[in-house]
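Peer 1: Have a look at the structure that comes next, please.
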Amino acid sequence: MSATPNSPRRAYWLKTMHQWHWISSAVCLLGILLFSVTGITLNHAAQIDTQALITNRTTTLPLPLQTELRQVAEKLAAEKTGDAEAPLPASIRDWLADSWSLNVTDEPAEWSSSEVYLGQPRPGGDAWLRIGLSDGEVEYELTDRGWISWLNDLHKGRHTGVVWYWFIDLLAVACLFFSITGLVILQLHAKNRPSTWAVVGLGVLIPVLIALLFIH
């Protein structure tokens, strides 16, 4: 049986689509698994019992650091009225790292007339640090809601940083390539698989009907 004139072109596109399909599926494999599992855990968040583990610490800042902190607060107060935002001094960040192994970056803290407050939200939990300006009292609280909450926050991109933010975008692009190349491959094989478009149409129709009939 002789080949049709468009057979070489069809073979080229089929091979190309297969290459892009398996490459995009390999790139987004772990991401799709992660987002599929966390889609289930988020959908059933009310049924999943998670207990937060809260850790509290208190101590007093050394006198030299208290003096430095007050000087920074006075300088900020002179430059701006009301509450101000500025990073903690490097010496205090180093002291926190040595004393409590806290990794406090140069992110802005909230400075008022009575205290310095630094919120440290994170995936799967939360944390905050407060230093009193009058007495140098240091308070730290860490809330850990468990690994399921951690994975759920990765799904939502909650407090995950710029690198994860871009990873989610790249994963979405890879998933688009995976879906589009899969659709093209279906189209190229549809002539020999009569049920192809019926199954594709059903996959489109089911969520549309659910949205129209059951979501109010």
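Peer 1: Does the range 151-200 hold any residues that are within 26 Å of residue 128 (Cα to Cα), part of a helix (DSSP H, G or I), open to solvent by 50 Å² or more (accessible area, probe 1.4 Å) and charged (D, E, K, R), and which are they?
Peer 2: Result: 156, single match.
Peer 1: Given the criterion closer than 30 Å to residue 143 by Cβ, more than 26 Å from the chain's Cα centre (by Cα), surrounded by 11 or more Cβ atoms within 10 Å (Cβ to Cβ) and not hydrophobic (A, V, I, L, M, F, W, C), identify the matching residue among 50, 16, 59, 38.
Peer 2: The match here is 59.
Peer 1: Report yes if some residue within the range 77-85 is at pLDDT 90 or above, of a type in the set (Asp, Glu), open to solvent by 50 Å² or more (accessible area, probe 1.4 Å) and part of a helix (DSSP H, G or I); otherwise report no.
Peer 2: No, every residue in the range 77-85 fails to be at pLDDT 90 or above, of a type in the set (Asp, Glu), open to solvent by 50 Å² or more (accessible area, probe 1.4 Å) and part of a helix (DSSP H, G or I).
Peer 1: Also, I was wondering about something else. Restrict the check to the range 58-69 and report whether at least one residue is at pLDDT 95 or above, in a helix (DSSP H, G or I) and touching a Phe, Trp or Tyr at 6+ places or on another chain (Cβ under 8 Å).
Peer 2: yes
Peer 1: I'd like to verify a number: residues in the range 94-116 that are without any contact (Cβ under 8 Å) to a residue 24 or more places away in the chain and either open to solvent by less than 10 Å² (accessible area, probe 1.4 Å) or closer than 22 Å to residue 52 by Cα (or both), how many?
Peer 2: Counting residues in the range 94-116 that are without any contact (Cβ under 8 Å) to a residue 24 or more places away in the chain and either open to solvent by less than 10 Å² (accessible area, probe 1.4 Å) or closer than 22 Å to residue 52 by Cα (or both) gives 2.
Peer 1: Just a yes or no: is a residue in the range 40-48 of a type in the set (A, V, I, L, M), part of a helix (DSSP H, G or I) and without any contact (Cβ under 8 Å) to a residue 60 or more places away in the chain?
Peer 2: There is at least one residue in the range 40-48 that is of a type in the set (A, V, I, L, M), part of a helix (DSSP H, G or I) and without any contact (Cβ under 8 Å) to a residue 60 or more places away in the chain.
Peer 1: State all residues of the range 19-31 that are open to solvent by 60 Å² or more (accessible area, probe 1.4 Å) and closer than 19 Å to residue 165 by Cα; if no residue qualifies, say none.
Peer 2: Residues satisfying the conditions are 27, 29, 30.
Peer 1: Can residue 174 be described as touching a Cys at 6+ places or on another chain (Cβ under 8 Å) and not hydroxyl-bearing (Ser, Thr, Tyr)?
Peer 2: Judged against the criteria, residue 174 is a match.
Peer 1: Among the numbered criteria (1) of a type in the set (Val, Ile, Thr); (2) open to solvent by 20 Å² or more (accessible area, probe 1.4 Å); (3) more than 15 Å from the chain's Cα centre (by Cα), which one does residue 148 miss?
Peer 2: Of everything listed in (1) of a type in the set (Val, Ile, Thr); (2) open to solvent by 20 Å² or more (accessible area, probe 1.4 Å); (3) more than 15 Å from the chain's Cα centre (by Cα), residue 148 misses just condition (3).
Peer 1: So in the range 117-129, with the set limited to residues that are small (Gly, Ala, Ser), in a strand (DSSP E or B) and open to solvent by less than 20 Å² (accessible area, probe 1.4 Å), which one is nearest to residue 158 (Cα to Cα)?
Peer 2: 125
Peer 1: Something else about it: Given the criterion among the aliphatic types (A, V, I, L, M) and either free of Cβ contacts under 8 Å to residues at least 40 places away in the same chain or touching a Pro at 6+ places or on another chain (Cβ under 6 Å) (or both), identify the matching residue among 186, 171, 142.
Peer 2: Checking each option against the conditions leaves just 186.
The values are calculated or read from the model by the stated rules, or taken from the named source; none is laboratory data. Not measured: the values here are computed from a predicted model. Cβ: placed from backbone, ideal geometry, glycine included. Neighbour counts: every protein chain shown. Protein only, heavy atoms only, side chains kept; ligands, DNA and RNA dropped before computing areas. Shrake-Rupley method; radii C 1.70, N 1.55, O 1.52, S 1.80 Å.
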